1. Find the helices (runs of 4 or more DSSP H) located wholly in the stretch A:197-263 whose residues include 1 or more that are within 14 Å of chain B (Cβ to nearest Cβ), and list them.
2. With respect to residue A:356, is the statement that it is of a type in the set (A, V, I, L, M, F, W, C), within 19 Å of the chain's Cα centre (by Cα) and under 18 Å from residue A:261 (Cα atoms) true?
3. Considering only residues of the stretch A:1-33 that are touching a His at 6+ places or on another chain (Cβ under 9 Å) and within 14 Å of chain B (Cβ to nearest Cβ), which is nearest to residue B:105 (Cα to Cα)?
4. Restricting attention to the stretch A:301-312, does a residue exist that is under 22 Å from the mean Cα position of the chain (by Cα), within 22 Å of residue A:373 (Cα to Cα) and hydrophobic (A, V, I, L, M, F, W, C)?
5. Looking only at the stretch A:50-72, count how many residues are within 20 Å of residue A:128 (Cα to Cα), surrounded by 14 or more Cβ atoms within 10 Å (Cβ to Cβ) and not hydroxyl-bearing (Ser, Thr, Tyr).
6. Inside the stretch B:259-287, can you point out the residues that are of a type outside the set (A, V, I, L, M, F, W, C), modelled with pLDDT under 80 and either closer than 14 Å to residue B:236 by Cα or exposed (fewer than 15 other Cβ atoms within 10 Å of the Cβ) (or both)?
7. I'd like the full set of residues that are farther than 18 Å from residue B:283 by Cα and either modelled with pLDDT under 80 or not in a strand (DSSP E or B) (or both), limited to the stretch B:228-245.
8. Is it true that residue A:314 is without any contact (Cβ under 8 Å) to a residue 12 or more places away in the chain and more than 29 Å from residue A:269 (Cβ to Cβ)?
Amino acid sequence: MKSLLIAVKDAKIHLKDRKAILMMILMPILLTAILGSALKGVMGGGSMPETVLGVYSPESNAMTENIIQTLEAEGLAITVERAGTEKQLMDWMEKKEVHVGLVLPEGWGVDTDRAVIIPIIGQESSSLIIQQMIETFAQMSQTIEHATKTVMTEAAVMSANGAEIDMATIQYELAESVEKVVNEQKIYVIEPAKEESVSSMQYYAAAMAAMFLLFNAMVGAKSFHQERKTETLSRLMMTPTSGHSILAGKFIGTFLFAWVQFLFFMGATHYLLQVDWGSSNLQVFFITFFYSFAVAGLSMIVAAFTTDEKMADVVGSMGVQVLALLGGSMLPLAVFPEALRKIAMLTPNSWALTSFTSIMTGTDWSALWLPAIVLFGVGILSIFISSFRLRAV
Amino acid sequence: MLTLSNVKKSFDSREIIKGVSLQIERGESFGLLGPNGAGKSTLISMICGLIPYGAGEIRIDGKVVGKQLKEIKQIIGVVPQDIALYPSMSAMDNLLFWGKMYGLSGKAAKIRAQEVLEIVGLADRAKGRIETFSGGMKRRINIGAALMHRPQLLIMDEPTVGIDPQSRNHILETVKSLNEQGMTVIYTSHYMEEVEYLCKRIAIIDEGKLIASGTKKDLSNRLAGGTVLKLTVDSLHPLFIEELKTLNSVEKVIVKPGEEIDVHLHSKMEMVAEVILLASRSGIHIHNMQLQEANLETLFLQLTGRTLRE
């Protein structure tokens, strides 16, 4: 009960501190907005950046219409603008009215290699996706064409030999295989790798949440030293309250503030930046619970191994920055080499970040147990180590 | 109420408190005097159970400090030397918090906080944030926080450091009033006038040792030559100096440069006339005469060779 009194008092003090509010709540929202917008064009996945594709095709046939329809498919964020002439397409490109140019020459569909893709600078990732889609489409078309030819030839031969042919069955089987191929093509193109499937805004919302919640380790430790400096800690110890209750109060205070911070951040990013935190808020809160627990534990470690506020500030800031960098809060984990990705697994924020992004794209509860256990373990270990040292202090 | 029996404390093999014994009765106002670094705060920390004592025994209301600490903490209220409050919280919120830490329920804490604000004269500033208060107001809330749970023993560690005279007077009046209502008070300071005003019994501590204790009268009687008659004369005649030393009331005579003489008396004012008569008989003209009366400062100086504020 007394621990809770101390915790609520600490959380209230943090919330009254304008500097802390600016740093812990407004800053991550602002950074999410800036980084999420700035890196919109370079982050791939199902959230392909909005692309205007200029297409010139002198000949309109089933193949050209089909590829254009595929490119315009919902979920790809591609707007197709048809140019009347090749020159018009080039003009558009020069004026940057389109991001990528595509020329489908006469006869395209038979000789599919001749399609020309022209990206403008800065839109390389979009052009790469379009190129992959066209290649896939071409391969599929060739397969279908080849299969059709083979079946029809076989049928013709059998017919010539006087064998009985059930054309209806052949047609049905052909249609079924074509549909299957078309579906496979769709899956291949649209389904991105999971890690890349969140938008840049989503990724940085998760990244900033993981990073700025980590700052509570520093804030919690500073609060401890502040109490010691102003003698309120001594005064607390003169009340009929055990040392364990006081430590628990400081721990819960940090934990509570991390929660308030996260809830505010989640609400703000959802309503102001339209960040989709996934379909299960319960899963988000589940991971936030364990992450806040780990962070509160780390605050005790920082408090235990620093001597004053200034030192806690320096050690905490440096620690948060290193962990943020390693844990993918500054640069997406996807761009890390394999070795660094493995090192990232040692940081609590990377466990929180990957869990948040997984939840955003939809994940099972079973996938969240391991991160939860790891984060809980970090918290418990921190409490265990720090409680010995802090009680001695 | 409080008994200290040969209490000792060492840090890193250096003895900080060297066998202090004291007894303070219920309802008493007891002063603990000593210069900075004398060991007053360490002694108080040990009484509060904040730091363990090395040897001896401390009992409060019959309970042994260190063994029945939880019950003892409920009996004592401590006013620390520093402003141990939360600056960004209001006076009322601070009092409520400290009250609840002593086990007061929400409603009881609110009623008591209002009473305490009246006692310290800050009822009209209940909602003000501590960081906006003057030094004196902060000190008054600092005292108020220790009164929330109605302690039987109030321990005040230099509660008037660095404040304006008006706030100091208010604090002294408050403490006097609390004591008159039956609260036992231990008041530590290096301002002897505060201790002289508030306390019936006084202990002087220096370098971890209790060097004197008793009522003000007891301590005054311990002074030898505590009253000093400072004379400035036209000439220092050796015969006059020798005759001065032979007077019954004179403890000692110190001749200083610039024709100055300090005559240490056995504290009686009537002896001044005897000195003046002798000077007149010896043909010595007194240009200036100043009588410095004996007080705790003088006693401290006599006992330790240092002043209280050194």
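1. Details: elements: A:200-214, A:216-229, A:232-238.
Of the helices (runs of 4 or more DSSP H) lying wholly inside the stretch A:197-263, those with at least 1 residues that are within 14 Å of chain B (Cβ to nearest Cβ) span A:216-229, A:232-238.
2. On the way: of a type in the set (A, V, I, L, M, F, W, C): yes; within 19 Å of the chain's Cα centre (by Cα): yes; under 18 Å from residue A:261 (Cα atoms): yes.
Against the criterion (of a type in the set (A, V, I, L, M, F, W, C), within 19 Å of the chain's Cα centre (by Cα) and under 18 Å from residue A:261 (Cα atoms)), residue A:356 qualifies.
3. A:3
4. Kept after step one, since they are under 22 Å from the mean Cα position of the chain (by Cα), are these residues of the stretch A:301-312: none.
Among the residues of the stretch A:301-312, not one is under 22 Å from the mean Cα position of the chain (by Cα), within 22 Å of residue A:373 (Cα to Cα) and hydrophobic (A, V, I, L, M, F, W, C), which makes the answer no.
5. Qualifying residue count, the stretch A:50-72: 8.
6. B:268, B:270
7. The answer is B:228, and nothing else.
8. Working: without any contact (Cβ under 8 Å) to a residue 12 or more places away in the chain: yes; more than 29 Å from residue A:269 (Cβ to Cβ): yes.
Yes.
The values are calculated or read from the model by the stated rules, or taken from the named source; none is laboratory data. If you're wondering where the values come from, they're calculated on a predicted model, not measured in any experiment. Note that each Cβ is placed from the backbone with ideal geometry, even for glycine, and that neighbours are counted across all protein chains shown.
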